Amino acid sequence: MSTQEQSAATTPKTQSPDVVVVGAGTAGCYAAATIAREGYDVVILERKPESEAGHIACGDALKGADSFPEAIPKSKLEPAFTNTDVDHGRFEIPQEDTVLEIPIPGELAVIDRWEYGRRIIDGADDVGVDFHYDTVVKNVLQDDDGRVTGVEAIRAGDPRTYEADIVIDAAGSLSVLQDHVDFSASSFDTNVNYTHFCSAYREIVHVDEPVEWDDALVFKPTERAAGYLWYFPRTETEINAGLGFQMTEEPMKLVDDLKRDLETRPEFRDAEVEDKLGAALPTRRPYDSAVHPGYMAIGDAAGHVNPTTGGGIAGAAYGGKYAGEAAIEALETGDVSEKALWEYNERVMDHFGARYAALDVYNILSTAVDVDDLMGLLAAMPGEKLAEALYSGSTSIGPKLAAESLLNSRGHWGTIWTLFQTKRRADDLLELYEGYPHHPAALEHWQQRRDDIMEQVYETTGAEPKY
Ligand SMILES: Cc1cc2nc3c(=O)[nH]c(=O)nc-3n(C[C@H](O)[C@H](O)[C@H](O)COP(=O)(O)OP(=O)(O)OC[C@H]3O[C@@H](n4cnc5c(N)ncnc54)[C@H](O)[C@@H]3O)c2cc1C
């Protein structure tokens, strides 16, 4: 019998911690560490065995590493940062025979994702979080009023029940928990479907000779729109190479397409593949509301990913922090109602949710325009403006720059006009999200106003409605 199985066999069939967190990823570890630091009893349930926990498909690019929440100290994570010299993106545009060098604002580290995963688990463990590995959550328990009261799981083969004041769903993309909750007693966002996701795959590739671009994140469009390949240098000889596509599109053969591109690049001749992983990730706006009585969803389970870059680690860490703080407040007052947990939604929208919703508009545009047109247009735009657009959800393009871009982008004027119109709609959204409601009762009216803007987005871009 393994240590895991022995400990599973000796723990009671029903346990009652203050908070149950499902998933030992970034969101779950930050939420649990935040709550445990206040002395509450928190259990993380993780389906993987301890030896595999933290091994998660990722491009390994950690943006905003300088300002991560403090529940897990940065010093704990730093040994997993294998490359902190990256300061720009290198956009290869074969259609235009162009390479754009675009600065990346803020601190960025390329990381050894598994090592980082082990370190955040360790950081949560240090402050008293209890981990139950080999524990697959199968069902969510609710009382007669619809309040979530716990979960049912299979732990190392044995059925277990966990009763808790609050359940935090940090189970990642397409979280199975949400299939089991009856959300009719709240305004929890259930407008979610597979077309809001991207399917992505990556390999860790070892090369003998150092690459020349070890200070850059390399991006390249896939042959079809709404997808890109990436080459992110963990070190000058260890590269995270991957690609993804929007699930609105015809499925790509990810493994073959990556192989084909690797074969065209001389720097990967005789390269060795060390690890392979793939997964889905949300590339959509954040959930309008991710709270329900006794329950909050965070990280990928609530759409906290930058929908244009696919970066979700920072959103997961902050989503975890804000949900953790809302949980502490609810435990202290004994009120776990939707209204009591609502502030979590507000903090997410205020910090990054509004920005991600605006960026989603460009994602929608990218599904409707021709890839050559889009690339021609990108090649014509000034790099720093592109960087601004990519990370802030908006960019200030004055008349002089607009005229220059137009001159440089002859042949793509139709697309550039659509882009400028789309940018206006993205700005309208940003403004609307600034007035995100302070209580659940006002959500429906706000959603109507947002949906009116989205109608204009579909009209401007010619894209199929996404939501
Ligand atoms: C190929 C790829 C590349 C990416 N590249 C980047 C990048 O370079 N930079 C970046 O910032 N982001 C990137 N992302 C996104 C990023 O990985 C996610 O946004 C982030 O990991 C989300 O963290 P999370 O804690 O919400 O979910 P996850 O990290 O997915 O953690 C969820 C955890 O829940 C567990 N779980 C799931 N279901 C159950 C269940 N029923 N019972 C118990 N446990 C369960 C899982 O085993 C897992 O450990 C990438 C994603 C993919 C797929």
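The values are calculated or read from the model by the stated rules, or taken from the named source; none is laboratory data. As the structure is a computational prediction, the values presented were derived from the model and not from experiment. Every residue, glycine as well, gets a Cβ built from its backbone with ideal geometry; the counts of neighbours run over all protein chains shown. Side chains are part of the model used for accessible areas, which takes the heavy atoms of the whole protein and leaves out ligands, DNA and RNA. Shrake-Rupley method; radii C 1.70, N 1.55, O 1.52, S 1.80 Å.
Compute the length gained on full extension between residue 95 and residue 249: take 0.36 nm times their separation in residues and subtract their Cα-Cα distance, giving the result in nm to one decimal. Before the final figure, lay out each step's value.
Values: separation 154, 0.36 × 154 = 55.44 nm, distance 2.03 nm.
Residue separation times 0.36 nm, minus the Cα-Cα distance, leaves 53.4 nm.
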* Isotropically averaged projected area of the chain, using the convex hull of Cα atoms (one quarter of hull area), nm² -> 21.9 nm²
* Structure fact -> Restricted to the chain, the DSSP antiparallel beta bridge percent, nearest 5, is 75 percent
* **Test item: Cα-centred dipole of the chain, Lys/Arg +1 and Asp/Glu -1 on Cβ, debye** => 620 debye
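Could the peptides 299-311, 320-332, 179-191 be put in order, highest first, of the mean number of other beta-carbon atoms found within 10 Å of their residues? Before the final figure, lay out each step's value.
Values: 299-311: 25.8, 320-332: 23.4, 179-191: 16.5.
Ranked by mean Cβ neighbours within 10 Å, highest first: 299-311, 320-332, 179-191.
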* Asked: Under a point spin-label approximation (7 Å from Cα along Cα-to-Cβ), what is the residue 438-residue 115 distance to one decimal in nm?
  -> 4.7 nm
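Using packing as a proxy for protection, rank 285-296, 355-366 so that the peptide with the highest average count of other Cβ atoms within 10 Å comes first.
Output ranking for 285-296, 355-366: 285-296, 355-366.
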* Count charges around residue 140 for me, please; just the other residues with Cβ under 10 Å from its Cβ, Lys/Arg as +1, Asp/Glu as -1. => -3
* For the chain, what is the calculated [θ] at 222 nm in deg cm²/dmol (nearest 500), taking -39500 (n - 2.57) for each run of four or more DSSP H residues and dividing by its residue count? -> -11000 deg cm²/dmol
* Structure fact -> Placing each pseudo-label 7 Å from Cα in the direction of the beta carbon, residue 195 and residue 215 end up separated by a distance in nanometres of 4.4 nm
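Counting heavy atoms of the protein chains only and a 1.4 Å probe, report the per residue accessible area for the chain as a whole number of Å². Before the final figure, lay out each step's value.
Numbers: 19620 Å² over 467 residues.
Each residue of the chain exposes 42 Å² on average to a 1.4 Å probe.
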* Where does each of 250-260, 421-431 land if you order them by average Cβ count within 10 Å, highest first? -> 421-431, 250-260
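Roughly how many percent of the accessible protein surface of the chain is carbon and sulfur, given a 1.4 Å probe and a whole-percent answer? The partial results should precede the final answer.
Working: 9150 of 19620 Å².
The C+S portion of the solvent-accessible surface of the chain is 47 percent.
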* Compare the Cα positions of 231, 216, 255 along the charge dipole of the stretch 195-282 (+1 at Cβ of Lys, Arg; -1 at Cβ of Asp, Glu; about the Cα centre) and return the one farthest towards the positive end. => 255
* **Label-point gap, in nm, between residue 87 and residue 74 - each point 7 angstrom along Cα→Cβ** => 1.7 nm
* **Cross-link reach list, lysines versus residue 321, counting only Cα pairs under 27 Å and skipping chain neighbours closer than eight places** => 48, 63, 74, 76, 138, 339
* Structure fact -> For residue 253, the lysines lying under 25 Å Cα to Cα, once residues fewer than eight places off in the same chain are dropped, come out as 220, 276, 466
